[in-house]
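Since every read-out is calculated from the coordinates, none of them should be taken as a lab result. Predicted model only: the values in this text are computed from it and were never measured. Counting neighbours? That spans all protein chains shown, and the Cβs are built from the backbone with ideal geometry, glycine included.
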Amino acid sequence: MPDLRTVFCGLRFENPFVLAAAPSTDDLDMVRRGYEAGWAGAVMKTTSVPGSAVPLKYPMITGLTHEGRRVAAMGNIDLISEHHADEVCKRIAALKKEFPEKITIGSIMGSQRSDWETLVGMLEQAGADAIECSFSCPQGTLGSKPGAMLGQDVKLVKEVTGWIKKAAKRCPVVIKLTPQVADIVEAALAVKAAKGDAVCASNTIPALMGINLDTLRPIPDVGGMTSYSGLSGPAIKPITLRVIAEISRHTKMPITGTGGASTWQDAVEFMLVGARNVQMCTAVMKEGFRIIEHLKDGLSEFMERHQFQKTDDFIGYALRFITTHDKLPNISKGLSVIEDKKCIRCNLCYVACRDGGHAAIEMDKKRRPRVIREKCVGCGLCLAVCPVAGCIRIEPDAA
Ligand SMILES: Cc1cc2nc3c(=O)[nH]c(=O)nc-3n(C[C@H](O)[C@H](O)[C@H](O)COP(=O)(O)O)c2cc1C
């Protein structure tokens with residue numbers, strides 16, 4: 001059996017799957033159930049100093065709909081937990097007592113230096129294994145810039161990380177960054193410069209979820225008004241993958257990955273570009289804690305198939321294959337190959353190629369798509385739109 005354990009900031013996780021800071025970790029019994037189901041750890045929902053106002057607004061969650069169908073993303077205008085640090089510390093202490101082998105992480109957000117210092121002290125005393133610092137709540141406020149996030153100001157990232165590191169006596173400090181910056185590497189380097197132990201990459205993406213065409217009001221509609229949501233779920237996975245890859249390639253900082261992972265395959269992809277473990281939120285909110293069984297089974301089978309004995313055998317493996325466009329090899333042109341037996345005659349490849357590619361697919365009399373070799377460059381559009389797995393492939397054109 002492959003060994004699913006991972007080490008992150010010196011902490012040993014029994015598998016790489018961690019519950020992200022979210023409603024699922026904002027209740028003691030829910031985290032208990034998550035641990036019993038098999039999650040290796042949890043980041044408690046972000047908390048604040050006792051007495052801080054947390055004015056939640058409802059409805060706070062929107063599903064992304066496209067052409068009438070629910071698609072793979074969710075928006076939220078949630079804030080941090082309405083439970084303050086004193087309550088969260090009690091939960092952490094209880095979880096550490098009941099589940100000493102699970103990794104229980106506190107998540108904090110402060111508005112001034114003394115808040116961060118107080119929160120670090122309280123969490124360390126409660127027995128938290130690590131402290132994650134939210135520099136990336138999309139509903140956050142940064143001084144006079146409403147909606148701006150701490151993670152968007154490199155100088156502040158360095159300064160605040162420095163305060164937190166000075167205050168932390170025992171716990172590793174993990175800074176949760178935002179992908180909504182021009183240069184994620186700069187932000188991660190600021191954490192590194194201030195001796196932060198790791199980064200969490202990389203939270204939701206600020207978004208406007210849509211406009212109701214009957215009322216002409218944006219959603220979620222909170223008494224007729226809205227504010228920007230944090231977009232999460234599978235739709236943001238490619239953005240997170242790039243963010244993790246960039247931080248890995250340029251900083252070598254330990255990374256806990258979050259943003260769009262919902263299957264074991266997604267998690268493995270995060271790890272292949274350098275994440276040491278993977279946090280999930282939207283997938284759990286949609287399908288429940290039980291997905292952990294599929295995650296562990298899938299990871300085990302993947303590792304067996306590739307003969308990886310431990311997670312370190314593949315963490316970061318794919319990074320060597322990422323380069324800049326100018327350094328990509330000049331290979332001869334490709335050619336699209338359509339498996340006739342698998343084709344369901346949906347026409348999608350034909351239309352896409354005709355109006356968005358190289359008009360290199362024609363339909364024969366039986367409405368079967370045929371590739372015109374001289375026109376096809378192997379761009380990949382037909383493969384991207386084909387609904388049948390394995391029906392179209394791109395091969396180097398030997399001709
Ligand atoms: C409803 C909701 C509440 C969240 N609350 C927090 C929070 O309190 N602190 C935090 O750091 N992240 C919070 N997040 C972000 C998640 O921890 C996670 O990083 C993000 O949703 C991306 O991962 P996912 O695509 O697996 O959902 C929240 C996300 C959602 C959907």
Counting alpha carbon pairs within less than 8 Å and at least 6 residues apart, what relative contact order, in whole percent, applies to segment 190-295?
25
Would you list, by chain and number, the aspartates and glutamates whose Cα falls below 12 Å from the Cα of LYS375, excluding same-chain residues fewer than 8 positions away?
GLU362, ASP397
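Order of 156-167, 252-263 by packing, highest average Cβ count within 10 Å first?
On the way: 156-167: 19.9, 252-263: 25.2.
Output ranking for 156-167, 252-263: 252-263, 156-167.
Relative contact order, percent, of the chain when contacts are C-alpha pairs under 8 Å separated by at least 6 residues?
Working: 831 pairs, mean separation 57.8, N = 399.
It comes to 14 percent, rounded to a whole number.
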Everything considered on the Cα gyration tensor (a ≥ b ≥ c; rounded for a/c under 1.5, else prolate if a/b is larger than b/c, else oblate), the chain must be described as prolate
How far is helix 184-193 tilted, in degrees, relative to the longest principal axis of the Cα atoms in the chain, given as a value from 0 to 90 rounded to the nearest 10?
30
What relative contact order, as a whole-number percentage, does segment 251-399 give when Cα pairs under 8 Å and 6 or more residues apart are counted?
20
Least to most buried among PHE135, PHE302 (fewest other Cβ within 10 Å first)
PHE302, PHE135
Reachable lysines, given that their alpha-carbon falls under 22 Å from the alpha-carbon of LYS96 and they are not under 8 places away in the same chain:
LYS45, LYS169
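Once you order the gyration tensor axes a ≥ b ≥ c over the Cα atoms, which shape class does segment 322-399 get: rounded for a/c under 1.5, otherwise prolate or oblate by comparing a/b with b/c?
Values: a/c = 2.00, a/b = 1.79, b/c = 1.11.
Judged from the Cα gyration tensor, segment 322-399 comes out prolate (a/c at least 1.5, a/b above b/c).
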Ranking THR104, THR251 by Cβ neighbours within 10 Å, fewest first, what do you get?
THR251, THR104
Cβ density ranking, 10 Å radius, fewest first, applied to MET109, MET285 yields MET285, MET109
